Amino acid sequence: MNNLFLIPSRISDGGDEAITFAHNGECEMEKDYKTMLGRAYSKLPEDKGSADRFTVPRADVRQVGRRSVIVNFGEIAETLRRDPDHLMKFILNETATRGTLDGGRAVLQGKFNAETIRNIVEIYTNRYVICPVCGRPDTHMVKDRRLTFLQCDACGARSSIGKA
Ligand SMILES: [Zn+2]
């Protein structure tokens, strides 16, 4: 694929930070995700060895002309263990714009700041990755007829997420 523009190499807005989801072992159907996300923002050191922590890389977004480039898009999709096309489609829907995947980067038409993209990734994570029953991220999506379900590998729950 041709690179139609250049990415400045020096711009950084602190993309090293990460959102950390902490699990507390609760098994309630009604989770207060706002509370959970609030807790998630507390900065914890990265600990890949712990199964109880789920760290989603914070979107590193750079403005290039009239486009916005999510530099670490591939890393985010990989961490979430979701199809990059699915995540991209969701982001494009939420931002109501067009865009393309370019290697590990996502290129959006228009200007979107990092906070906007991070919020969208959070919504996606809560809807398509985090099990609503046990709060763990060890899930995968399964299709059954026209519906899509979130199948949890940790607690076995299968939750409907409607058309995805
Ligand atoms: Zn579960």
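The values are calculated or read from the model by the stated rules, or taken from the named source; none is laboratory data. Quantities reported herein were computed from a predicted structural model and do not represent experimental measurements. Quick reminder, even Gly has a Cβ in these numbers, built from the backbone with ideal geometry, and neighbours come from all protein chains shown.
Tabulated data
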read-out: Residues of the stretch 92-114 that turn out to be in a helix (DSSP H, G or I) and either under 14 Å from residue 71 (Cα atoms) or in contact with a Gly (Cβ under 6 Å, 6 or more places away or on another chain) (or both), as a count; value: 2
read-out: Pairs, first acidic (Asp, Glu) in the stretch 75-92, second assigned to a helix (DSSP H, G or I), C-beta under 8 Å, six or more apart; value: 83/77
read-out: Unmet requirement for residue 50, which otherwise passes all of (1) at pLDDT below 95; (2) closer than 19 Å to residue 115 by Cα; (3) not hydrophobic (A, V, I, L, M, F, W, C); value: (2)
read-out: Qualifying residues in the stretch 120-145 (those that are of a type in the set (Val, Ile, Thr) and part of a loop (DSSP other than H, G, I, E, B)) - the one nearest to the ligand (Cβ to nearest atom); value: 133
read-out: Filtered residues of the stretch 146-164 (kept if assigned to a loop (DSSP other than H, G, I, E, B), surrounded by 13 or more Cβ atoms within 10 Å (Cβ to Cβ) and within 9 Å of the ligand (Cβ to nearest atom)); value: 154, 155, 157
